[in-house]
Amino acid sequence: MFHYIGPIAHGIGSTLTITFAAYAIGLVLGIPIVVARSSRLRVVRLLAISFVEIFRGIPGIAWLFILYYGLAQLDVQISSMTAAICGLGLIAAAYMAEIYRAGLRAVPHGQFEAARALGMGTVQVYRSIVGPQAFVTSFPPAATYVIGLLKESAVASVIGAQEITGVALGQQQEASTQGLSVFLAASAVYLALSLPLAGIARYADVWLARRVAGAEAA
Amino acid sequence: MESLDDSPAAPSAPADAATGAPVVSGPLVAEAAAMASAAGIPRVQVEQLGMRFGTHDAVIGVDLEVAVGEVVAVIGPSGSGRSTMLRCINHLESPTSGRVLIDGTAIADPGGREPGPRELAALRRQVGMVFQSFNLFPHLTAIENVMIAQVKVLGRTKAEARTRAMQLLERVGIAEKADSRPRRCSGGQQQRIAIARALALEPKLMLFDEPTSALDPELGLEVLAVMRELAKEGMTMIVVTHEMHFAEDVADRVIFMADGRIVEEGTAQQVIRHPREERTRKFLRAVLDR
């Protein structure tokens, strides 16, 4: 098993790239979606809800197939890495929007009222008062999600991305009989990545709850 | 901070206001009062205010005028519409009928022209509000709580805001807690921070929604002491409260509400000591004779 770890480690870069680039898309794109969900316009609300439900409902593997080969049909050529990042990024946005929404709902109504009573406009209320509090509540589920996304990035192998699972599949075909060892090695590499990530998340959570929200200050 | 030297604390002051003689208080307050009384515009006018939640009428046809510098206590059973009425005055609730005017400008006017979001925010800046549950911002320290609206709403620099916030915290007696988070403060301290936060925008009017109801009796006293000071300095205040002693000592006028209506109003002496209405008597027996 151990001699597979070397080759498989070559996939680490791609796995991390897909994971964090998709996550970044999700973190950013999740914000307009959660804002759209509470829009005064019904059409906008419906669009946001549809987005969330569609991208939470379609399995990543199917969605990447559709995106990659669908675009190819339209003569749009993108690399499998780009397709994986964008495809998983949209799914991440749907999940992050829901995580943000839960975070916002956890902020007591009195906070909105106190901020409005001080003459703050909607944008100020969210940016200075509600946002920072929602962010702290959103952090633990968001950190859990990034670990899930690390594993989910394995689906990029179906469109040929050479990330950990993609490399492992190649190794398995070469070796033909040694499937078990290859995937034990791949699993060990995934664990080696997700365990420190979980550790960092736990540390950041404690640190955040104590500091960051307050440091945003006046 | 100007304090009174020659004007008696409370109940006799409105008599002066009623006769049109300017009440002498601190220089700034006196000036403001003189200007407003010259213009003849009350600080707050509530006209035929109605608030309906679904099929329930929380407030029915309430008329109320509050003069500049006047302190009005609103007493009555919980659920009588007192808080709802108060919340309509700074438009935290949108009334379903009637009008609310601050210095003659409509802040709520469902039948006519309602202020837009910007205008509403500008009007709210002139009205400070103190909540039963304090609603301090937990992610900010005490002083940041008092600074934030100054910076974000008034556009003051952080340095200016900090100086002003520190003065206010000193004034409400909790300068030593300036750098503490709200959760590290007692309820009484939190409510005093909340008062400082509201005062930071230099409001023309302060609304208090059961400011001591969530507090231990002793901690409530700290808060009431700050409110007494404010009243003495000539702040216009509407106080929804169950604190009868405070109402008697501080309020120029007491209003008794029940079932969404004003049942009785007058001086504290009249309403609390010599109520005319049976409904008022029943309530006061429950409060005073326990």
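The values are calculated or read from the model by the stated rules, or taken from the named source; none is laboratory data. These numbers were taken from a predicted model, which means no experiment stands behind them. Note: ideal-geometry Cβ built from the backbone for every residue, glycine included; neighbour counts use all protein chains shown.
Remarks
- Residue within the stretch A:170-182 that is of a type in the set (A, V, I, L, M, F, W, C) and surrounded by 21 or more Cβ atoms within 10 Å (Cβ to Cβ) present: yes
- Criterion applied to A:GLN172, A:GLN124, A:GLN133, A:GLN162 was being modelled with pLDDT under 95 and part of a loop (DSSP other than H, G, I, E, B), and the one residue passing it is A:GLN162.
- Single residue of the stretch A:137-162 satisfying the filter (crowded, with 18+ Cβ neighbours inside 10 Å and more than 17 Å from the chain's Cα centre (by Cα)) that is nearest to the other protein chains (Cβ to nearest Cβ): A:ALA161
- If you go through the stretch B:149-160 and keep only what is in contact (Cβ under 8 Å) with a residue 40 or more places away in the chain and either within 7 Å of another protein chain (Cβ to nearest Cβ) or crowded, with 21+ Cβ neighbours inside 10 Å (or both), you end up with B:ALA149, B:GLN150, B:VAL153.
- Breaking point among (1) within 30 Å of B:ILE107 (Cα to Cα); (2) within 12 Å of chain A (Cβ to nearest Cβ); (3) not basic (Lys, Arg), for B:PRO211: (2)
- Only residues that are under 13 Å from the mean Cα position of the chain (by Cα) and outside any loop (DSSP other than H, G, I, E, B) were counted in the stretch B:197-222, giving 7.
- Qualifying residue in the stretch B:194-207 (condition: closer than 11 Å to B:VAL223 by Cβ, touching a Lys or Arg at 6+ places or on another chain (Cβ under 8 Å), surrounded by 19 or more Cβ atoms within 10 Å (Cβ to Cβ) and β-branched (Val, Ile, Thr)): no
- Pairs with Cβ under 7 Å, 6+ apart, first in the stretch B:117-130 and more than 7 Å from chain A (Cβ to nearest Cβ), second charged (D, E, K, R): B:GLN126/B:LYS204; B:VAL130/B:ASP209
- When A:ARG127, A:ARG116 are checked against the criterion of being under 29 Å from A:ILE49 (Cβ atoms), buried (at least 21 other Cβ atoms within 10 Å of the Cβ), within 14 Å of chain B (Cβ to nearest Cβ) and out of contact with any Gly (no Cβ under 8 Å at 6 or more places or on another chain), A:ARG116 stands alone in meeting it.
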